[in-house]
1. When the range 789-820 is examined, which residues are found to be open to solvent by 30 Å² or more (accessible area, probe 1.4 Å), assigned to a loop (DSSP other than H, G, I, E, B) and either more than 27 Å from Arg286 (Cβ to Cβ) or hydrophobic (A, V, I, L, M, F, W, C) (or both)?
2. From (1) over 26 Å from Asp100 (Cβ atoms); (2) touching a residue at least 60 places away in the same chain (Cβ under 8 Å); (3) among the hydrophobic types (A, V, I, L, M, F, W, C); (4) open to solvent by less than 60 Å² (accessible area, probe 1.4 Å), pick out the condition that doesn't hold for Leu223.
3. Could you grab me the full set of residues in the range 1027-1050 that are open to solvent by less than 90 Å² (accessible area, probe 1.4 Å) and assigned to a loop (DSSP other than H, G, I, E, B)?
4. Can you tell me which residue within the range 130-161, out of those that are among the polar types (S, T, N, Q) and under 19 Å from the mean Cα position of the chain (by Cα), is modelled with the highest pLDDT?
5. Failed condition for Thr923, given (1) under 30 Å from Pro824 (Cβ atoms); (2) out of contact with any Lys or Arg (no Cβ under 6 Å at 6 or more places or on another chain); (3) in contact (Cβ under 8 Å) with a residue 24 or more places away in the chain, with all others met?
6. Being at pLDDT below 95, of a type outside the set (Phe, Trp, Tyr) and part of a helix (DSSP H, G or I) narrows it down to one of Lys1088, Lys1152, Lys1142, so name that one.
7. Could you grab me the full set of residues in the range 931-958 that are free of Cβ contacts under 8 Å to residues at least 40 places away in the same chain, within 52 Å of the chain's Cα centre (by Cα) and assigned to a loop (DSSP other than H, G, I, E, B)?
Amino acid sequence: MDGQQNKPHRASKKSKEKKAKPDTKGQNPKAFSFSNPGKLARQAARSHDIKEKRLHVPLIDRVPDEPPPRLVTIVGPPGVGKTTLLKSLIRRYAKETISDPVGPITIVTSKKQRLTFLECPNELEAMVDIAKVADIVLLMIDGNYGFEMETMEFLNVLAATGMPGNVFGVLTHLDLFRKPQALKDAKKRLKHRLWTELYQGAHLFYLSGVLNGRYPDREIHNLSRFLSVMKNPRPLVWRNSHPYTVIDNYRDITHPTKVEEDENCDRSIELSGYLRGTNFAAQGQRVHIAGLGDFTIGNMEVLPDPCPTPAMEQALAKVTGKTGRRRLDEKDKRLYAPMADRSGLKITGDHIVITREKGFTFDKDAEGVERGEGEQLIIDLQNERRLLGQTEQGVKLFATGGQINQVPEELDTGRKTQRKARFAERDDLSGDEGMPEDEGFVSGDDAEGSDVETEFNERKLGKMFRKQTDKDEVDLAFADSDSDLGSISSGDDVEEDWDDEDEDSSDEEGDAVKWKDNMMQRAKMLHGKRRPYRATDLARFMYDDSLSATEALKKWRGEDEEEEEEEDIEQDEDETFFKRTGRGIEDDLGEDRVVPRFDYEELAAKWSNEESIEALRRRFTTANFLDEAGENGSDDSGGEGVDDEDDEGDGVFEDLETGETHGPGDDDEDEEMEEAKNPEASLEAEREKNARRKEELKLRFEEEDREGFKNDKAIARREGGNEEFGEDDWYDAQKAMLQKQLDINKSEFESLDESQRTAVEGFRAGKYAKIVIEGVPAEFVTNFKARIPIIVGGLSPTEDRLGFVQVRIKKHRWHKKILKTGDPLIFSLGWRRFQSLPVYSISDSRTRNRMLKYTPEHMHCFGTFYGPLIAPNTGFVCFQSFSSSNPGFRISATGTVLSVDESTEIVKKLKLTGVPYKIFKNTAFIKDMFNTSLEIAKFEGAAIKTVSGVRGQIKRALAKPDGHFRATFEDKILLSDIVFLRAWYPIKPHRFYNPVTNLIGWQSMRSTGQIRRDEGVDTPQLKNSQYRKIERQTRRFNPLKVPRALASQLPFKSQIVQTKPQKKETYMQKRAVVVRGDEKRARDLMQKLTTIRKEVVEKRRAKKEEKRVEYRKKVADVEERLENKEKRENKAYWEREGKKRKPDHSGGGGGKRRK
């Protein structure tokens, strides 16, 4: 064993160093050229693409600090495994099994994140609603079957209404594949098909099989990790501008007596859910409940978050100072599913259903049966008619408490009647100055008839909420009950006082005023003095209707408290507490006067003071702010610049009647003399004046308009507008400006308390709120299904109006039939689903909108219908029916909104026809086109045309035959011509708006064809609409007759040869050849053979001709080459021979050459 040697491990491929390639491009290729230009170009293109993708229009990020849970929707056809996936994800996150997951289920997935899972039912209405609010979509696909119609419909609805950034495919039923290669091919095929519908690289998860009713833990773990680490995508425009919520709890809060009196009465329902999108208005928010209709929110209240994250709990504990303690129900906070069957508990509407697998045992006498606490309580309640907690031995309210058999008499000392107001004796107040008789307390008679205390008591509210009349009458801090004093005296000494009062009850008058002892000291000790100049107090005082503007300012500055303290120095504390405060009445009356009252002596004394005049001067445009701004350390402020103003600035003017000059002093006259002597110096001084004036105006504007010129937005605009940005810098600057404005808004709202912030800003997104809706039809309660999601979307004021909406629409390429004008169509536009009657049109040469009877096959057209006014560029989707019995593709059309208007301009082409009955050269009288002369007068000057193409114009109506008119044409027409007029007739769409209320039962408007089909009525056949055989009479023309004189002058070739008719028949006419039998068949056969031969010969000739053409071309090429060759040879020959035969002039003499 010791000598055994193991085989050494092979070195990994990663550790191998790459062999250095020989450098063939020189020592430094980058210094002279690119080493790889193609790769560099690709990298540059990719970097620019990445930059361009991020350059979108900057949107305001409205995600709150505590965002609502992300909505994860599970969509797919029936039988694909949606419920199984939902159970698996719940088990993965919450470690809990839910047998029947129904409705939204919120789960805490991490320290700062929550997810709300929602299963989409197999109904087209629910799919359309979920597509508008889904943040993450899990698209379930049966891998063994492929894409189904419901999946493709949902993808097209997403594309039309707004595609969220997170859409993932989930393949199931992969365990049904037997061969690995078939599974691999199916995965590849479905992946590429999903990429075609979504985008290249869309994620696709694979779930192989089902184990113990759930998918494998490893595959669910991979999917859940991917859901947890996803980033927030770019917000959709519609969701970023509208508030909405997905309801996860519902209750019917209608009074039971109303339901008993009338079962079909309108109900009041309470809907709860997380607020999303923008803020809901604090009052009067109009909402649309999908499938139910438009409503106004009756009441809205923020509830504690039922499923907070650990980070939220820590922040709450840090603010309140209370450390969270561990509880038994800590695990319950990880999961919130009010509509689901969770551990046998299910909330459905206004009742709770408790289920148990083994069943319940309600037999009281049964022994040895394990019962839960709820079962035992039910048994105790149903067997005997006893009060809660009553037993045979007595009353026992708590399990750990004792039983009470009887109540001792000495302890029965409760108050039998309502307390009455008792006042202390006052020496200083008498007559009218004393307490008024009617102070707002309940009288003795009223107290006897009412056993229940009123819900709202104005005296329990704070000082700012009291009415002005109460304050004017008397300022009394009086309590109706002992508990009302808790806010004033909550210390231990107060408790001791009340114990003393219970013990000593003999002196009623003494007890009545005993609680007043040391009240001022206790109130100052507990509450202290309110700080002045607080922004929160100013906002509260401004919106308090019971305070006037003067009182609000005094309270904000704290002057009212100082005045009260000064007045209270010499008086007793009790007397101070009951002092009548009526000083504000005269001030308020003075403020309501049209002409205010003034003390003119006081005004004269005030404006005789120089300081007051100087303060007033600063309010006018002639104030010199530069001198005041430059007093400290400025040399020019005390020199020439003090009075260096023009006449208008200093208020200097000249009296035109007397000629005297009025001004602040004589220095200006000296300056004018100097300017006359030195004009150049005066020009420089004038320039300095203008510069100083501009600077002074700027300072004055900044001083008087702080919020306009020096606000944060203007400063940011100036800082960002003066600089020149690059492409990327400008985009980042715009985003920074938006973020800066968000921070400013956030800081301003944080200074307000919660009630003021809600009144100003509304109910913020991310809160869990309760919404009360009044006047809901009773069918909603009776037909309620927890599986159908309820979407509550907020409406803007414009969307609450109805009018004509012009859209650009296109028939879906998968829809079988084209759409007809006037047929009812269901629109999903905004939050609403409604039915309307669209009219289709197309732009005719950009001059008019011409009506179309049908939509184009593969082209967009315009559509106009009556419906809610939605903002332009909003996408929509159309259906003809929501019924699942429709076998085809149910999405009929898609499009976007172009404009909204109260009126429309759509015209229809109309052809009017008539016939002429009198023709005078180029003039004709036309009939059968109009009925009255008034119609003709409307179309005078209109262009008309005949079928043959002769153009004309309508002139005037004729007097006698009503409806006849005179027209002129460019040529003479015939009586057989038909004259027609092309006119345009305006079309008005029908004002039909039928909201889809599927939650309470809804019947759609049917087309005429559907009604006839359902009722079995035949389509009426109009006589003029039926096709009939056209019978035209053959026209016979007279023979051509040429005069003899003209015929004799014709040339021989053109002469007309006419044989005289023969009296006897010729031999050829008499002869009659009759072919019968074999001869006829032989002739027929020979004729056929001859025809075939001729055709073959013709084909052969054509083929030979083609070959001859090719041959001729080839011969021509050969001849051309030969000719060129001969030319070259001749040229070479004569060049050679020419040199030989060149004469030699050196020998002289020019005789003939001898042979």
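1. Answer for the range 789-820, where residues must be open to solvent by 30 Å² or more (accessible area, probe 1.4 Å), assigned to a loop (DSSP other than H, G, I, E, B) and either more than 27 Å from Arg286 (Cβ to Cβ) or hydrophobic (A, V, I, L, M, F, W, C) (or both): Arg813, Trp814, Lys816, Lys817, Ile818.
2. That leaves (1) as the condition not met.
3. Across the range 1027-1050, the qualifying residues are Val1042, Pro1043, Leu1050.
4. Asn156
5. Exception for Thr923: condition (1).
6. Lys1088
7. Selection gives Glu940, Gly941.
Residues are listed down the side, and each one gets a yes or a no for (1) of a type in the set (D, E, K, R); (2) touching a Ser or Thr at 6+ places or on another chain (Cβ under 7 Å); (3) open to solvent by less than 40 Å² (accessible area, probe 1.4 Å):
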position: Asp175; (1), (2), (3): yes, yes, no
position: Lys191; (1), (2), (3): yes, no, no
position: Val229; (1), (2), (3): no, no, no
position: Ile253; (1), (2), (3): no, yes, no
position: Cys265; (1), (2), (3): no, no, yes
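The values are calculated or read from the model by the stated rules, or taken from the named source; none is laboratory data. Given the structure is predicted, the values throughout are model-derived calculations rather than measurements. For neighbour counting, all protein chains shown are included, and Cβ atoms are generated from backbone atoms with ideal geometry for every residue, glycine included. These area figures cover heavy atoms from the full protein model, side chains too; ligands, DNA and RNA do not enter into them. Shrake-Rupley method; radii C 1.70, N 1.55, O 1.52, S 1.80 Å.
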